[in-house]
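First the structure, in the form of structure tokens, and then the observations on it.
What follows draws every value from the coordinates through simple rules; no lab data is involved. Predicted, not measured: the structure shown is a model, and the values here were computed from it. Heads up, the Cβs are rebuilt from the backbone with ideal geometry, glycines too, and the neighbour counts pull from every protein chain shown.
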């Protein structure tokens, strides 16, 4: 296992060498610097996630160095060393971005503990950024978009559930945006400024899931060379999102139930429990009631997590939102890929609305991304949407739905083009006389 990089900055050579030697024996790869100026010079090539910085040094001060290091790496976690009783200096350091402070003379075991927390904080901050970027890439701007009754009901439940601390179960098929719903609940709750930690319960073996959720102590099992906090402990004060909970092994279901009842967890290898304040949001694309009947999911756990249930509808249940979502994804990918595409042709819009979308919003997002990559003109045509076959539904009701969607699409493009018939027809890929006839038919 690789050692954690650590930057140690102190002008007192004896103390610096002593600390470096001690930390090197405790799984840290230490790089020393005798001044702030030297630290700034060597840091870009070392890029440590954590640093220990003395506050009082000749030349660049510790306060100034914190700012310079944060400019290079906004995620770095810095522990400052200050003279005993210099609380004012320590508070100032925290305000400019230090993670923690420690008074001199340095208590070595306390420093190790603080560095462990700083390393975990760095990992969490980076993980949070990756998760946010992933959600943005998967679902565009990160907003739940739609005007259909089905998504309006889900949004209403999200707003009703958010203020409390009750557990929430988000259900729905794959690709419908269950994690997005969970994040919306968190962001609208009093815990919005605390951590949102996501765990995919189906993505790891049973023997690793317990350690991932609850953490472990040093020596708890082979390879556990130091204490590791679990996802529940990292989410303390905030929200933990248990995705694909229907795939959680039976033994872990029992342990999760106890956590929900007692609000305590036990790290593997620990002798004492840790009391936590965490809101739990779970999600699944499986029918938990059928799993209960089959003996694969605990009924008591189901009632614990199903206090508030939010069902994310399939795209087939919200056809009126297809073009709204497509246009948002189009804008997002044009911005990301540096392209200028104004909209969809009438044929492309028809193809999008008539397709059945078995992969739901995620599939639509992927199709639009591919279309933007392939597009050569200033609009998306049917040529950029290969493979979209209509669902085969030809009832009068379905035709009326398509007409309503076409009307809404034409209205949006007209508004975007400032009512200009020529530009709107060009974007839609139809003759202006055809557009005029549709405007008349739809009373636009």
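Structure notes:
- Peptides 419-426, 185-192 ordered by average Cβ neighbours within 10 Å, highest first: 185-192, 419-426
- Note that region 224-292 shows a convex hull volume over its alpha carbon atoms of 106 Å³ per residue.
- Taking other C-beta atoms within 10 angstrom as a stand-in for reagent exposure, 373, 40, 96 fall in the order 373, 96, 40, fewest first.
- Taking the chain as a Gaussian network of alpha-carbon nodes connected by springs under 10 Å, the highest mean-square fluctuation of the residues 161, 90, 181 belongs to 90.
- Taken along its three principal axes, the alpha carbon spread of region 4-120 comes to 32, 31, 28 Å, from the longest extent down to the shortest.
- Rg over Rh [alpha-carbon atoms, Kirkwood Rh] for the chain: 1.08
- Calculated log₁₀ intensity ratio I(q)/I(0) where the Debye formula runs over C-alpha points of region 278-363, q = 0.13, 0.16, 0.20, 0.22 Å⁻¹: -0.65, -0.79, -0.96, -1.06
- Rounded to the nearest 500, the 222 nm mean residue ellipticity of the chain from helices alone is -15000 deg cm²/dmol, with -39,500 (n - 2.57) taken per DSSP H run of at least 4 residues.
- Stokes-Einstein diffusion of region 140-313 at 10 °C, 1.306 mPa s viscosity, Kirkwood radius from Cα pairs, rounded to a whole number: 95 µm²/s.
- Rounded tilt (10° steps) of 178-187 against the dominant C-alpha axis of the chain: 60 degrees
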